[in-house]
1. To the nearest 20 debye, what is the magnitude of the charge dipole of the stretch A:26-161 about its Cα centre, counting +1 on the Cβ of each Lys and Arg and -1 on the Cβ of each Asp and Glu?
2. Which whole-number percent gives the relative contact order of chain B, counting Cα pairs below 8 Å spaced six or more residues apart?
3. List the GluC sites (Glu not before Pro) within the stretch B:3-84 that fall in a DSSP loop (any state other than H, G, I, E or B) and whose Cβ has at most 13 other Cβ atoms within 10 Å.
4. Enter the angle in degrees (range 0 to 90, nearest 10) between the Cα long axis of helix A:124-154 and the first principal axis of the Cα atoms of chain A, meaning the one along which they spread out most.
5. Ranking request for peptides A:43-55, A:26-38, A:85-97: highest mean number of other beta-carbon atoms within 10 Å first, then the rest in descending order.
6. Kindly state, to the nearest 0.05, the FRET efficiency for B:Leu75 paired with B:Tyr37, given R0 = 56 Å and r defined as their beta-carbon distance.
7. Compute the signed sum of charges (Lys and Arg +1, Asp and Glu -1) over the other residues within less than 14 Å, Cβ to Cβ, of A:Lys24.
8. Report, in deg cm²/dmol and to the nearest 500, the calculated mean residue ellipticity at 222 nm for the protein assembly as shown, where each DSSP H run with n ≥ 4 adds -39500 (n - 2.57) and the sum is divided by the residue count.
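The values are calculated or read from the model by the stated rules, or taken from the named source; none is laboratory data. All values derive from a computational prediction rather than experimental measurement. Glycine also receives a Cβ, built like all others from the backbone with ideal geometry; neighbour counts cover every protein chain displayed. Ligands, DNA and RNA are stripped out before the accessible areas are found, and what is left, the full protein with its side chains, is counted by its heavy atoms. Shrake-Rupley method; radii C 1.70, N 1.55, O 1.52, S 1.80 Å.
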Amino acid sequence: MGNLMLYAITIVLVLLSFYKDREKTLKALKKGWKAFENILPQFLGVIMLVGILLAVLNPEVISKIIGSSSGWWGVFLASVVGAITLIPGFVAFPTAAMLLKSGAGYMQIGAFISSLMMVGVVTFPVEVKYFGKNVAILRNLLAYLFSFIVAYVIGKVVGGI
Amino acid sequence: MNLIKRYRFFIITIGITALLMIINRELGIKALQVTGYSFKEMLLVIPPIFVLLGLLDVWVPRETMVKYLGENSGLKGILLSILLGSAAAGPLYGAFPVAAVFMKKGAKFSNILIFLGAWSTTKIPMFLFEMSALGVKFALTRLFVNIPGIIIIAYAISKLLKPQEIEAIYENASNL
């Protein structure tokens, strides 16, 4: 549904832009293409890397790691798995819900979801290209540490520990 | 020669996949399947993001960007950065080129980082999905922790960097 809306908005804006100024619109499309072409090599690399990682770290393996370990050690493992994987939300949330049902704690799931969304080890090369090494390292490191805070609060509020 | 250098990372990952295929055929095939799936996802979501980015670059004047997201945009700039990031669709790697155009147009660095933070974790479509899969309490708690968290992380990074470093990043963005 989100994708459909994204396309609808884009098409309306392109038509509006084209109606207002043909030349500017062509320039905009050219700029968009240039930006895409510029980052394409990194995108392709990231996609291949995601394939390799998810083949090795498939949902069953993730369940084994997160489902069976408890406490802060479990939170640590969950955050590491979250940081190095890149799973789209519509796969990640049901997987997390399944893990909860099969006995994983809220704290571990909070750490997993948080580091999964905010920390991107796989997308690191893309981030470096735009922001340089220092920012990419700092952002990922802080986001990783932050996932422990999220885990703690989720554990307190939702898990009732 | 240049082409090989540009695609170095991609070539290495192809090599690893091939190696995986030799060591464990089943895993190799699985890796290619996941890659195919991610590739489809990329083809679906990425084109409109880059079209919008081009439109943004051409139509939004620098003064407008500076006014709403620039150095003196204050609380308004912070809120707008969160809203823009949360309204987004697509994986985090789609946010980086959009952020580059924002920088080129004069948005404040901490706002750029807030935008990235929001894109990574408070996206509205994802939030709705999270609510239905993990419960309202889980999703809301995470949201309430995330919003201050994103802002604090953004300011921490801005403060930890030297001004010259930030300048270099803006310089790089205007050349992309």
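1. On the way: 10 positive and 3 negative charges, 99 e Å.
Dipole magnitude for the stretch A:26-161 comes out near 480 debye.
2. Numbers: 148 pairs, mean separation 33.4, N = 176.
Taking the mean separation of contacting Cα pairs over the length of chain B, I get 19 percent.
3. Numbers: sites: B:Glu26, B:Glu41, B:Glu63, B:Glu71; in loops: B:Glu71.
In loop regions of the stretch B:3-84 (DSSP not H, G, I, E or B), the sparsely surrounded GluC sites (Glu not before Pro) are B:Glu71.
4. So the inclination is approximately 40 degrees.
5. Numbers: A:43-55: 22.8, A:26-38: 16.7, A:85-97: 19.4.
Per-residue Cβ counts within 10 Å, averaged per peptide and sorted highest first, yield A:43-55, A:85-97, A:26-38.
6. After rounding, the FRET efficiency stands at 0.85.
7. On the way: positive: A:Lys20, A:Arg22, A:Lys27, A:Lys30, A:Lys31; negative: A:Asp21, A:Glu23, B:Asp57.
Spelling it out: positives minus negatives among the neighbours equals +2.
8. On the way: 17 runs with 284 residues, N = 337.
Calculated at 222 nm, the ellipticity per residue is -28000 deg cm²/dmol.
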